[in-house]
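**Student:** Before we start, here is the structure in question, set down as structure tokens.
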Amino acid sequence: MQANYSPKDIESAAQQQWDSQQAFLAQENSEKPKYYCLSMFPYPSGKLHMGHVRNYTIGDVLSRYHRMQGYNVLQPMGWDAFGLPAENAAMANNVPPAAWTYSNIEYMKQQLKSLGLGVDWSREVTTCKPDYYRWEQWLFNRLFKKGVIYKKTSTVNWDPVDNTVLANEQVIDGRGWRSGAQVEKREIPMYFFRITQYADELLQDLDTLPGWPEQVKTMQANWIGKSYGVRFAFPYELDGKQDKLWVYTTRADTIMGVTFVAVAAEHPLATYAAQKNPALAAFVEECKHGGVAEADIATMEKKGMPTDISVTHPLTGEQVPVWVGNYVLMSYGEGAVMAVPAHDERDFGFAKKYGLPIKQVIERSTAAPSTDDASIEERVFDPTKWKIWYEWKSNTIVRTVNSGKYDGLYFDQAVDAIAADLAAKGLGEKKTQFRLRDWGISRQRYWGCPIPIIHCPTCGDVPVPDEQLPVKLPENVVPDGAGSPLAKMPEFYECTCPQCGGKARRETDTMDTFVESSWYYARYASPQCDTGMVDKAAAQKWLPVDQYIGGIEHAILHLLYARFFHKLMRDEGLVTGNEPFKNLLTQGMVVAPTFYRDLPAGKKLWINPAEVEVEIDAKARPIGAKLIADGKPVVIGGTEKMSKSKNNGVDPQAIIDAYGADTARLFMMFAAPPDQQLEWSDAGVEGSYRFLRRVWNLSAELANHDLKKAISGKLAESDQALRREIYLALKQANFDFSRFQFNTVVSATMKILNSLEKAKASADHAVLGEGLSILLRLLSPITPHIAQTLWKELGYGDDILATTWPEVDESALEQDEIELMIQVNGKLRGSLRVAKDADKAAIEQLALAHEVVQKQLAGAPAKKVIVVPGRLVNIVA
RNA sequence: GCCGGGAUGGCGGAAUCGGUAGACGCGCUGGACUCAAAAUCCAGUGUUCGAAAGGAUGUGGGGGUUCGAGUCCCCCUCCCGGCACCA
């Protein structure tokens, strides 16, 4: 074999071997259990970034590991190919989004292949191709006819200069990113998926997903936000007409404390009041400025203005003033909220600011309810959610006060009594409500899947008949940033009505790109199927996805939409089962240090870490940094997610070219556990490369010996010790593989190599050979090229993927004596060697007799002795 | 603002059920090899007092439970992800 480790040679050779064997084609007819391992598909932005490398390495490690465990593995790959960046690139370079996207795919596919991923490329899916989105349009029509998709108006960011709708990302400090114009809210008609119809199921089925991280399930549950409350009305009279102002509250026990009502700027009452009040009209106008992103609305200054309208409190009959508040959103709930300044932080701030009355109606209960009270749980408030006058404690129990006939009631009693009275008056009822809103999917953009609807002046919105699908998106178009180009293309939108044959107009909006990524996992089961969205038998075979891997940033939207789509497809009879992803692994971000120099006007020049040299003191603490090119200092910024804007990205291709894919993969797996943030380190990459070189060198040294010889006879003590070290590490590695903690798997392989190197001159070759075979198999999912090459070179076999996973030889782990730690008062004072089966009394006696203990006790008797078998003895002096 | 997560040596991280804090790697220091350097190998490396033996101290901050807390409970600070049109 070659004396030196040469990743370029061995990696291309191994990849050619896998290609020629078609090693990673998933088997449609196999006795083995299936394992569908899916990584979130990439958006073809140009070239791979480190986040991709991390994601796909994790997926490949799991795929190869399961393959060696005897599974029939499906690991597919594809392209989430519609999206906004293609339109931006098109405008910048005057290239159609399609051409840009396809050339990116071609390049990135080569990059993925050079990583040595065990992907079944025969199942590649590209969402911008008609053979894919055709089925999305087909499903759209079925759901439209069913009423699961409907049309209503919704609020968007409007750029009044470019005359275009802006994505939230394109709104910077309330202004359009290209025009710089102040953004306005605008109501436009859109198509919606009725996801709220599935809210309860989406919530409840989270309990059927033990393989999902708790934090993701919690986030989804909170996002869906089921609440139990009361919907009730404030009656009022306007121009002699009786009407009701409806609101919803989860704190009906505080209704007696309402001192005003706030409505959204777009609320009919606000519109009415503004007609006669120019100041209010100006305020309503002002509320329309700014974007629609919730984070902006929630953090902006709370402002309001009174109307001259007042409504009647449904229980007290008192008059309550109506205010317009910029923080009340028309699209949430009723577009109006009751305000209880005494018991709500936001209302409190608002009341203080505008001098509105504050009326306390609950207080902390002084007498705790008896413990046998069955409903005590419901009366215990979560202090993080309910704040009482800002002075609250954990598990505060509150009772109503100052509330007339409702005085002295606990939360649930007060809600019951108040809801009953409201119901009796026809002014309210108990109601569960969801925070989740219906999913608006219309986008006024070009590079997306066309919505298959035809607008007919006589027949209304008519779905495009199935036989006319797909509605193809013209591909040779360059958008100009001023609205959708499709709306300017008569050859696209001019059509005839499928129902009456009259002149009609085709819908020019496209779908949210989240729609494509909501069902691609199902398409992989039968990617070429041209008779349906999925082939039912194939879907039955491969679904659900056994392991899904992707960034934590997708914890809510993408994962919720995909779960929703699975249920939609189930209800269409396309798939079985209720959930698409059995197990979920959410991967952390790849981050790197940042460096910059200050420029005039508060701007910064970001400098790539590769061009910077960090200076350290004698204890290796960083004390400064300078640009290598000019030797002058640069400022050390924070450690942040790799990005173009901070110029702290490292190109994976450069790493693969310099060290090989195995080194890149090894570093990715070793530097952090998969769900944690990973900090890039050039020195860490060097270390990974060094380790692989040591593996190669040791293999080369031992290559001439018979490493496959069976272990026989009584082993020398040193050989027994070596086997024990190896099997301890294997045991650890197996456990860590099972819990996806790959960094400690790598650490275990390093321990094995260290042990083998130390013992190589004196150890039995059979023991060394056994250890090396374990090492290579443990490494093969992570660094497949070197593992495969050495496996063959050392004569273990032709194909490491076809071997069995190493098992722990428990007999190699046994020892006669074990070491126990001795603590005095919980502090480590010494250690003790005892027989492995020594009983507690014997251990206690030995420990008490130990000189360290004698010294600590200084003649006094021990108060207490705690023996933890196999671990320690703690003596309480 | 709301929801979720995180904080351990100079750095990345380990510690599986409340039981030896710092595995493994990087970096650094010293040594071997070399004309020299690189590479490689060997040794050391939380902080602090000490010549050493040994002691004290130490897991973002404050409090608590326990024989014993990085781990459990309460409060706080800072950082990161998401917030419905980035993907």
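The values are calculated or read from the model by the stated rules, or taken from the named source; none is laboratory data. Everything numeric here is computed off the predicted structure, so don't read it as measured data. Here the Cβ positions follow ideal geometry from the backbone for every residue, glycine too, while neighbour counts run over all protein chains shown.
**Student:** Against the condition touching a residue at least 60 places away in the same chain (Cβ under 8 Å) and either within 30 Å of A:Val401 (Cβ to Cβ) or among the acidic types (Asp, Glu) (or both), how does A:Pro235 come out, does it pass? Walk me through it before giving the result.
**Tutor:** Values: touching a residue at least 60 places away in the same chain (Cβ under 8 Å): yes; either within 30 Å of A:Val401 (Cβ to Cβ) or among the acidic types (Asp, Glu) (or both): yes.
Considered against the rule, which asks whether it is touching a residue at least 60 places away in the same chain (Cβ under 8 Å) and either within 30 Å of A:Val401 (Cβ to Cβ) or among the acidic types (Asp, Glu) (or both), A:Pro235 comes out as yes.
**Student:** With the range A:650-714 as the region, which helices (runs of 4 or more DSSP H) entirely inside it contain at least 3 residues that are crowded, with 20+ Cβ neighbours inside 10 Å and within 15 Å of RNA strand B (Cβ to nearest atom)?
**Tutor:** A:661-670, A:682-702
**Student:** Moving to a separate point now. Would it be correct to say that A:Leu872 is among the aliphatic types (A, V, I, L, M), within 30 Å of A:Asn754 (Cα to Cα), surrounded by 15 or more Cβ atoms within 10 Å (Cβ to Cβ) and in contact (Cβ under 8 Å) with a residue 12 or more places away in the chain? Before the answer, list the steps.
**Tutor:** Numbers: among the aliphatic types (A, V, I, L, M): yes; within 30 Å of A:Asn754 (Cα to Cα): yes; surrounded by 15 or more Cβ atoms within 10 Å (Cβ to Cβ): yes; in contact (Cβ under 8 Å) with a residue 12 or more places away in the chain: yes.
Taking the combined requirement at face value, the residue satisfies it.
**Student:** Of the residues A:Ala761, A:Ala802, which is among the hydrophobic types (A, V, I, L, M, F, W, C), away from RNA strand B (no atom under 16 Å from the Cβ) and surrounded by fewer than 20 Cβ atoms within 10 Å (Cβ to Cβ)?
**Tutor:** Only one candidate qualifies: A:Ala802.
**Student:** Read through the list (1) within 16 Å of RNA strand B (Cβ to nearest atom); (2) surrounded by 15 or more Cβ atoms within 10 Å (Cβ to Cβ); (3) within 30 Å of A:Ala424 (Cα to Cα); (4) of a type outside the set (Asp, Glu), then give the number of the only condition that A:Gly225 fails.
**Tutor:** It fails just one condition, (2).
So that you can scan it fast, the table gives a plain yes or no per residue for (1) part of a helix (DSSP H, G or I); (2) within 13 Å of RNA strand B (Cβ to nearest atom); (3) of a type outside the set (D, E, K, R); (4) surrounded by 23 or more Cβ atoms within 10 Å (Cβ to Cβ):
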{"position": "A:Ser63", "(1), (2), (3), (4)": "yes, no, yes, yes"}
{"position": "A:Val73", "(1), (2), (3), (4)": "no, no, yes, yes"}
{"position": "A:Ala86", "(1), (2), (3), (4)": "yes, yes, yes, yes"}
{"position": "A:Ala89", "(1), (2), (3), (4)": "yes, yes, yes, no"}
{"position": "A:Val95", "(1), (2), (3), (4)": "no, no, yes, no"}
{"position": "A:Ala99", "(1), (2), (3), (4)": "yes, no, yes, no"}
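**Student:** Given the criteria assigned to a loop (DSSP other than H, G, I, E, B) and more than 19 Å from A:Trp135 (Cα to Cα), does A:Gly483 qualify? Before you say what the answer is, go through the steps one by one.
**Tutor:** Details: assigned to a loop (DSSP other than H, G, I, E, B): yes; more than 19 Å from A:Trp135 (Cα to Cα): yes.
Taking the combined requirement at face value, the residue satisfies it.
Here is a yes/no grid of residues against (1) at pLDDT 95 or above; (2) under 20 Å from A:Phe193 (Cα atoms); (3) among the hydroxyl-bearing types (Ser, Thr, Tyr):
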{"residue": "A:Pro450", "(1), (2), (3)": "yes, yes, no"}
{"residue": "A:Pro463", "(1), (2), (3)": "yes, yes, no"}
{"residue": "A:Gln468", "(1), (2), (3)": "yes, no, no"}
{"residue": "A:Ala482", "(1), (2), (3)": "no, no, no"}
{"residue": "A:Lys503", "(1), (2), (3)": "yes, no, no"}
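**Student:** OK, next. So which residues in the range A:838-868 are surrounded by 13 or more Cβ atoms within 10 Å (Cβ to Cβ), part of a loop (DSSP other than H, G, I, E, B) and either within 14 Å of RNA strand B (Cβ to nearest atom) or not hydrophobic (A, V, I, L, M, F, W, C) (or both)?
**Tutor:** A:His850, A:Ala862
**Student:** Any residue in the range A:814-834 that is touching a Lys or Arg at 6+ places or on another chain (Cβ under 9 Å), more than 9 Å from RNA strand B (Cβ to nearest atom) and part of a helix (DSSP H, G or I)?
**Tutor:** Looking through the range A:814-834, none of the residues is touching a Lys or Arg at 6+ places or on another chain (Cβ under 9 Å), more than 9 Å from RNA strand B (Cβ to nearest atom) and part of a helix (DSSP H, G or I).
**Student:** Moving to a separate point now. Without any contact (Cβ under 8 Å) to a residue 24 or more places away in the chain, surrounded by fewer than 19 Cβ atoms within 10 Å (Cβ to Cβ) and assigned to a strand (DSSP E or B) - does that describe any residue in the range A:572-593?
**Tutor:** No; the residues of the range A:572-593 include none that is without any contact (Cβ under 8 Å) to a residue 24 or more places away in the chain, surrounded by fewer than 19 Cβ atoms within 10 Å (Cβ to Cβ) and assigned to a strand (DSSP E or B).
**Student:** Could you tell me whether any residue of the range A:535-549 is within 11 Å of RNA strand B (Cβ to nearest atom), of a type outside the set (Asp, Glu) and either at pLDDT 95 or above or over 15 Å from the mean Cα position of the chain (by Cα) (or both)? Break it down stepwise before answering.
**Tutor:** Filtering the range A:535-549 down to residues within 11 Å of RNA strand B (Cβ to nearest atom) leaves none.
No, the range A:535-549 contains no residue that is within 11 Å of RNA strand B (Cβ to nearest atom), of a type outside the set (Asp, Glu) and either at pLDDT 95 or above or over 15 Å from the mean Cα position of the chain (by Cα) (or both).
**Student:** Next question. A:Pro44 is checked against (1) assigned to a loop (DSSP other than H, G, I, E, B); (2) surrounded by fewer than 23 Cβ atoms within 10 Å (Cβ to Cβ) and fails just one. What number does that condition carry?
**Tutor:** Condition (2) is where A:Pro44 drops out.
**Student:** Can you tell me which residue is nearest to RNA strand B (Cβ to nearest atom) among those in the range A:632-648 that are closer than 15 Å to A:Met50 by Cα and out of contact with any strand residue (DSSP E or B) (no Cβ under 7 Å at 6 or more places or on another chain)?
**Tutor:** A:Ser643
**Student:** Let me ask you something else. Please specify each residue of the range A:31-56 satisfying the condition of being of a type in the set (Ser, Thr, Tyr) and either modelled with pLDDT under 95 or within 15 Å of RNA strand B (Cβ to nearest atom) (or both). It would help to see each step written out before you state the result.
**Tutor:** Applying the first criterion (of a type in the set (Ser, Thr, Tyr)) to the range A:31-56 yields A:35-36, A:39, A:43, A:45, A:56.
Hits for the range A:31-56 are A:Ser39, A:Tyr43, A:Ser45, A:Tyr56.
**Student:** Check whether at least one residue in the range A:689-698 is farther than 18 Å from A:Thr57 by Cβ and of a type in the set (Ser, Thr, Tyr), and report yes or no.
**Tutor:** Checking the range A:689-698: not a single residue is farther than 18 Å from A:Thr57 by Cβ and of a type in the set (Ser, Thr, Tyr).
One line per residue, one yes/no per condition, for (1) in a strand (DSSP E or B); (2) over 15 Å from A:Asn326 (Cβ atoms); (3) within 16 Å of RNA strand B (Cβ to nearest atom):
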residue: A:Lys217; (1), (2), (3): no, yes, yes
residue: A:Ala233; (1), (2), (3): yes, yes, no
residue: A:Tyr236; (1), (2), (3): yes, yes, no
residue: A:Ala265; (1), (2), (3): no, no, no
residue: A:Leu280; (1), (2), (3): no, no, no
residue: A:Glu286; (1), (2), (3): no, no, no
